[in-house]
Amino acid sequence: MKNVVILFVFFIASVICLNSQNVEFTKENMRKDKNLRKIYKTHVKHGDDFYYLHDRGYLIALEHYLAAYNKHPNSALLNYKIADCYLHTLYKYKALPYAIKAEQLNPGVTYDLMYVVGMAYHQVEGFDKAIEHYTKFKQNYNGNNNDSLLYVAKRIRECLDGKELIKDTVYDLVDMGPIVNSKYADYVPLIRADQSYMIFTSRRPHKEMDTTSKKGRHKGGRLAAFDLEYYEDIFRTDHINDSTWSTPYRFDYNTDKFGVHDACVSLSFDGLTIYTYRPENEGDLYSSKVENGKWTETKPLKGINSKYREDHVAISFDNQVAYFVSDRPGGFGKKDIWKTNRISDDEWGVPVNLGPTINTEYDEEGVFIHPDGKTLYFSSRGHNTMGGYDIFESTFENNLWSIPLNMGYPINSPDDDVFFVLTADGKNAYLSSVKEGGFGMQDIYSITPFVKKKQKEFDVVVFKGLVIDKETRVKLNAKVNIIDNTTGLKIFSNTVDAERGFLVTLPTGRTGKNYGISVEAEGYLFYSENFDLVKKAGFKEYEKIVEMEKLKVGAVLTLRNVFFDFDKWDLKSESVRELDHAIEVLNTNKKIRIQIEGHTDSKGTDEYNQVLSEKRCNSVKDYLISKGFDPGRIAKVIGYGEAKPIDTNETDEGRANNRRVEFRLVE
């Protein structure tokens, strides 16, 4: 289809030029033609004032040049400048007819016209014509800037790569439509792991009443002086069903940043932490998180921000590793991807460059780490891109990143394709791009289903749920903790809103993982559960209603994260955290005593299981006393063996549920 468009544009331009003669805005021509002089003074001269400001001026220059073109289209230099302006904006695909006309009116109007014409063909996937013009530029170049020759050689390689990539249409890319996208720039889609909502950055106008103003003034919807576009702001759209999303509304986390840029760059998988970018201090990253149902004050990322530009970040599933983009010294190109480990809640460690497998001599951008903890997506102007930024995938295995894989066509195009995110199950992907036929300057696109086009299995479990009172069924605000029982690392710890509930993404890996969850609410016994995800490859999703029992006589506290080796009664080190937690909760009401009860599964004889359960209960009792728990509050120790199962003994999961220690609250 693109080739048909190119031929049509070429045909129209040829017809026009048959009866056209190049007339430039020279002093001699303007002396002879007063109308030409008027067009120059009214439009071209003002366009030139902005054109030579480069990035800051191309869009404004275009307005003046197009006005001049409407009155005098037969200037090769004017057509060249229009094409060049378009190639420096989000509307690169509009450059071709002007580039063709400039070439036909005067192929020697500027030394780099062939390069500009090549770029214009390149942007609409006219790779052969682009190579032809790039080659002409290279052959006729008589300057002494080797960088120019190196750059045009790169462009030719991009076209050759593009010809190969475009042969295999890998994905179905769908514009998210006029409900989500506007006629302005919409980009950086970020999704909660369960895809319940999306936030994104937009440069659309919006007006809101300033409640702090006594004069009833509006705030928002202001233009940035740099490019006369509306300031960046963050919007949210809710997933209604299938491909239907709600009308976007301003995402008000805790900022009142009207009249300055406020752009989102990352969202934690549970949606409880947002990472943003502001152009302060050359460009810095910030975060805000939900605590006790409210967003905290926005804070800079200490240890990541520097005196250089940091403009994108992605955080691992366990919130312990940050991958970020920076142009600081010590990299392989201007903008590289770096990695750092968390030191504390508010500080990160010394960054390490991700290395030459990922980073190139060109820019990298838009990094995203999947919840599986090992699959990295990022945009790059290097590697085998077909032009601009392309999106790549790399997997961390055997302590090495794999060679980045170009995600293919039409995810990638000759223009910039950035900010790719993927759902935890790997079935739906989103990205932002500029493509002909879009609704605005930059649009958000979806790839649904992603898994059918890109066969990759993600070893991830999503655990989500609500916390309720066991008796009244009322939803509760509660603190949820999830521990990696293998490493002792706290994966998730936050006070979650009653209505939102909790959502945690956990990588299982082909060898699996073992996790413990504990939930606590004021006035209630804490709840604990253990998930043994060994050898459960692929995506799994668990939904849980956590029923909390009030701290009162008769309630039973089941300790599912107290572990013993097979045929042993000595406490394993992983059990300490849960028992210490139990002591804290029980000490909130020292009038209540406990009865320690032990249970086994059905393996072994009745007599053996009875003795084993008693010995395990006594190990728990000894630990409590060693930690200062009043022995007088331990009313009794009872081993029930296999006599009181709460689940089937026919499955591994059922037997695991039956192996438990319980504290029964007594007077």
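The values are calculated or read from the model by the stated rules, or taken from the named source; none is laboratory data. Here the structure is a predicted model, which means the values were calculated and not measured. Every residue, glycine among them, receives a Cβ derived from its backbone with ideal geometry; neighbour counts consider all protein chains shown.
The figures follow:
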| item | result |
| --- | --- |
| Filter pass, Tyr286 being within 16 Å of the chain's Cα centre (by Cα) and buried (at least 21 other Cβ atoms within 10 Å of the Cβ) | no |
| Flag for Asp147 being out of contact with any Lys or Arg (no Cβ under 8 Å at 6 or more places or on another chain), closer than 23 Å to Asn22 by Cβ, modelled with pLDDT under 95 and outside the structural domain of Ser413 (by TED's automatic domain parsing) | no |
| Qualifying residues in the range 639-655 (those that are surrounded by 14 or more Cβ atoms within 10 Å (Cβ to Cβ) and acidic (Asp, Glu)) - the one farthest from His599 (Cα to Cα) | Asp647 |
| Residue that is touching a residue at least 24 places away in the same chain (Cβ under 8 Å), in the same structural domain as Tyr197 (by TED's automatic domain parsing) and on the phi > 0 side of the Ramachandran plot, where the choices are Glu282, Glu310, Glu291 | Glu282 |
| Residue check for Glu393: of a type in the set (Asp, Glu) and touching a Leu at 6+ places or on another chain (Cβ under 6 Å) | yes |
| Qualifying residues in the range 302-331 (those that are of a type in the set (Gly, Ala, Ser) and assigned to a loop (DSSP other than H, G, I, E, B)) - the one surrounded by the fewest Cβ atoms within 10 Å (Cβ to Cβ) | Gly330 |
| Residue identified as surrounded by fewer than 16 Cβ atoms within 10 Å (Cβ to Cβ) and in contact with a Phe, Trp or Tyr (Cβ under 7 Å, 6 or more places away or on another chain) among Ile596, Ile583 | Ile583 |
| Members of the range 332-352 that are assigned to a strand (DSSP E or B) and touching a residue at least 12 places away in the same chain (Cβ under 8 Å) | Asp336, Ile337, Trp338, Lys339, Thr340, Asn341, Arg342, Ile343, Glu347, Trp348, Val352 |
| Residues located in the range 289-301, provided they are surrounded by fewer than 17 Cβ atoms within 10 Å (Cβ to Cβ) and within 24 Å of Tyr231 (Cα to Cα) | Trp295, Thr296, Glu297, Lys299, Pro300 |
| Helices (runs of 4 or more DSSP H) within the range 552-667 that include 3 or more residues under 29 Å from Lys479 (Cα atoms) and of a type in the set (A, V, I, L, M, F, W, C) | 576-586, 606-626 |
| Single condition Ala643 does not satisfy, out of (1) among the hydrophobic types (A, V, I, L, M, F, W, C); (2) more than 24 Å from Asn481 (Cβ to Cβ); (3) touching an Asp or Glu at 6+ places or on another chain (Cβ under 7 Å) | (3) |
| Close pairs (6 angstrom Cβ cut-off, 6 or more residues apart or separate chains): in contact (Cβ under 8 Å) with a residue 24 or more places away in the chain and under 11 Å from Leu90 (Cα atoms) in the range 411-439, in a loop (DSSP other than H, G, I, E, B) and acidic (Asp, Glu) anywhere | Val434/Asp415 |
| Checking Tyr277 against (1) more than 22 Å from Leu503 (Cβ to Cβ); (2) under 21 Å from the mean Cα position of the chain (by Cα); (3) modelled with pLDDT under 90, the condition it does not meet | (3) |
| Scan of the range 289-305 for residues that are over 21 Å from the mean Cα position of the chain (by Cα) and among the charged types (D, E, K, R), ordered by number | Glu291, Lys294, Glu297 |
| So Lys138, is it modelled with pLDDT under 95, part of a helix (DSSP H, G or I) and among the basic types (Lys, Arg) | yes |
| Index of the failed condition, Lys536 passing every other in (1) in the same structural domain as Val620 (by TED's automatic domain parsing); (2) surrounded by fewer than 20 Cβ atoms within 10 Å (Cβ to Cβ); (3) at pLDDT below 75 | (1) |
| Pair list, Cβ < 6 Å and 6+ apart or interchain, from the range 51-63 residues that are farther than 13 Å from Tyr80 by Cα and touching a residue at least 60 places away in the same chain (Cβ under 8 Å) to residues that are surrounded by 14 or more Cβ atoms within 10 Å (Cβ to Cβ) and of a type in the set (Val, Ile, Thr) | Leu59/Thr89 |
| Verdict on Lys636 being exposed (fewer than 15 other Cβ atoms within 10 Å of the Cβ), charged (D, E, K, R), within 18 Å of Gly554 (Cα to Cα) and modelled with pLDDT of 90 or more | yes |
| Candidate set from the range 467-484 (those that are buried (at least 21 other Cβ atoms within 10 Å of the Cβ) and within 14 Å of Arg577 (Cα to Cα)); member that is nearest to the chain's Cα centre (by Cα) | Ile482 |
| Some residue of the range 466-480 being at pLDDT 90 or above, in a strand (DSSP E or B) and among the polar types (S, T, N, Q) | no |
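Residues checked against (1) modelled with pLDDT of 80 or more; (2) in the same structural domain as Ile369 (by TED's automatic domain parsing); (3) under 30 Å from Gly604 (Cα atoms); (4) surrounded by fewer than 18 Cβ atoms within 10 Å (Cβ to Cβ):
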| position | (1), (2), (3), (4) |
| --- | --- |
| Leu489 | no, no, no, yes |
| Tyr524 | yes, no, no, no |
| Asn561 | no, no, yes, no |
| Asp567 | no, no, yes, yes |
